[in-house]
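Have a look at the structure below, then the notes.
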Amino acid sequence: MKNIIRFCLTSILLVLAVPSNAEDALSVQTSCSINGWTNNDFGAEIQVRSAPVMDAAIIGQLPLTANNSANGDRIYSVRFDITGSVNGWLQIDNISDVYNARTTDRLAHTEVKSGWVPADSVRFRIQSARGFESPQPSATKLTDLKDDRASDMGDIEKVIACNGQWVLIDFRTKFHREEDGRLTALSHNTQPMHRAWFRGICGNEETTCDMASADKD
């Protein structure tokens, strides 16, 4: 009898621990396996912290970059692996400025290799056509771009979280594909925006990673 009662209490606690909505789910720390670079529209040097809270110790800074240096060399953004997510923060690792090694303008940043940054301080490309209600292909589709890639049809408005090889973003669709194949720009007040989970992440700022859409029918 005691074992039965213990089992029932455990089951109840597990039910109570399940997040009641998508926002609650963001408080659960996830493990991720994607790449990205610094969001150069973030507005300020990105502070890397020791933990995913604003009062955690600052252990480094990531500079924002312009397209070119004073002498005309290309300046690349700082890149990194994205390994975790919780409460609007992303955990990053293998922070690197190696792509600027051949320029005369190495980026001046603290030599930190890993830490936590605000989720929206990160960017990547999305080489898939569908945005889902949850990070699984069987979930309800919230965005459906047919045969087009998301990064070709709109913009990331905000990065929120990641889970495995998925990202949760606010995505704004800016173009419409006509039946004859032409792309037409949508007026701002008719541009759909959805908070959705996407996969097919390209963490290379200079290419599309040569990826086919992850979610074509």
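The values are calculated or read from the model by the stated rules, or taken from the named source; none is laboratory data. Since this is a predicted model, take the numbers as computed values, not measurements. Virtual Cβ from ideal backbone geometry, glycine too; neighbours counted across all protein chains shown. Accessible surface is based on the protein model in full, side chains and every heavy atom, while ligands, DNA and RNA are left aside. Shrake-Rupley method; radii C 1.70, N 1.55, O 1.52, S 1.80 Å.
Would you mind stating whether ASP170 is open to solvent by 60 Å² or more (accessible area, probe 1.4 Å), assigned to a strand (DSSP E or B) and modelled with pLDDT of 90 or more? So ASP170 fails the test. Of GLN191, GLN165, all but one fail to be touching a Lys or Arg at 6+ places or on another chain (Cβ under 7 Å) and open to solvent by 80 Å² or more (accessible area, probe 1.4 Å); the exception is GLN165. Regarding region 137-149, can at least one residue be identified that is open to solvent by less than 10 Å² (accessible area, probe 1.4 Å), closer than 27 Å to LEU183 by Cβ and of a type outside the set (Val, Ile, Thr)? Scanning region 137-149 turns up no residue that is open to solvent by less than 10 Å² (accessible area, probe 1.4 Å), closer than 27 Å to LEU183 by Cβ and of a type outside the set (Val, Ile, Thr).
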